[in-house]
Amino acid sequence: MINAGDTAFILVSSALVMFMTPGLALFYGGMVRNKNVLATIMQSFIIIGIVTVTWVLWGYSLAFGPDVGGIVGNLSWFGLKGVTLSPSPDYASTIPHQAFMIFQCMFAVITPALITGAFAERMKFSSLLVFIVLWSTLVYAPLAHWVWGSGGWLGKLGALDFAGGTVVHISSGASALAAVLIISKRKGYGREQFIPHILPSPPFSSFPRGKVTAGNNLFPTTFP
């Protein structure tokens, strides 16, 4: 049964998490040189569009669809087929399934955006687009299923991830480190001055992130 309070909470939380990505764009944009500010900011904004499309088409199904061996979901929810306004028995049973999908989409958006700070000023925009699609599909979706998906192997071991410490931060941090090692340092590093444009502290970057767990013995809780 849909609970109006739970639904309102999850929609507001989705909006707050969404605002974090533009906040991240301003933060990363302030740490690069003047000539790369716009490109760095646009990386985060284009990720909002790209990941939202891939999430609707196949990402959500891979992450939260019916389990395949505890590793990934199948594609039975491709294009949100079967994801309706009715609550899901497996995910947050007091809110519409589509509301849960939107909330999870916001996490899927900001996670690859976090990685872009590792290779700022050093990746072509076209290469970034390809990377984001592949990473979101091959890394984020399976990992989200492991922890948050019904039947995921880490979830079965008792793993609880309310604020994305595993799915968001460990995955983006490890991927950022791998990107740094592969791409290497900037040309001219150590010989030229790399003066940041400006270092803002956008309030968007400190919005709370949390997960609502309804229909079980855990209270709906937000973790900063």
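Quick look at the values:
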read-out: Neighbour-count order for ARG186, ARG191, fewest beta carbons within 10 angstrom listed first; value: ARG191, ARG186
read-out: Highest-first arrangement of 142-155, 99-112, 62-75, where packing means the average Cβ count within 10 Å; value: 99-112, 142-155, 62-75
read-out: Sequence of ILE50, ILE195 once ranked by neighbouring C-beta atoms within 10 Å, starting from the fewest; value: ILE195, ILE50
read-out: Per-pair calculated FRET efficiency, R0 = 35 Å: LYS156 and ALA176 via Cβ, rounded to 0.05; value: 0.80
read-out: Sorted by Cβ density within 10 Å, fewest first, the residues SER172, SER184, SER93; value: SER184, SER93, SER172
read-out: Inter-site label distance for LEU134 and LYS81 at 7 Å from Cα along Cβ, in nm; value: 2.8
read-out: Neighbourhood net charge (10 Å Cβ-Cβ; Lys/Arg +1, Asp/Glu -1) for ARG33; value: 0
read-out: Within the stretch 71-86, backbone nitrogen closer than 12 Å to the virtual label 7 Å beyond the Cα of ILE2 toward Cβ; value: 84-86
read-out: Inter-probe distance in nm under a simple model that places probes 7 Å from Cα toward Cβ, at GLN193 and PHE125; value: 2.8
read-out: Partners for LYS187 among aspartates and glutamates (Cα-Cα distance below 14 Å; same-chain residues under 8 apart left out); value: GLU121
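Laboratory data are not the source of any read-out in this text; all were calculated from the coordinates shown. Every value quoted in this text rests on a predicted model; they were computed, and no experiment measured them. Note that we place each Cβ from the backbone using ideal geometry, even for glycine, and neighbour counts take in every protein chain shown.
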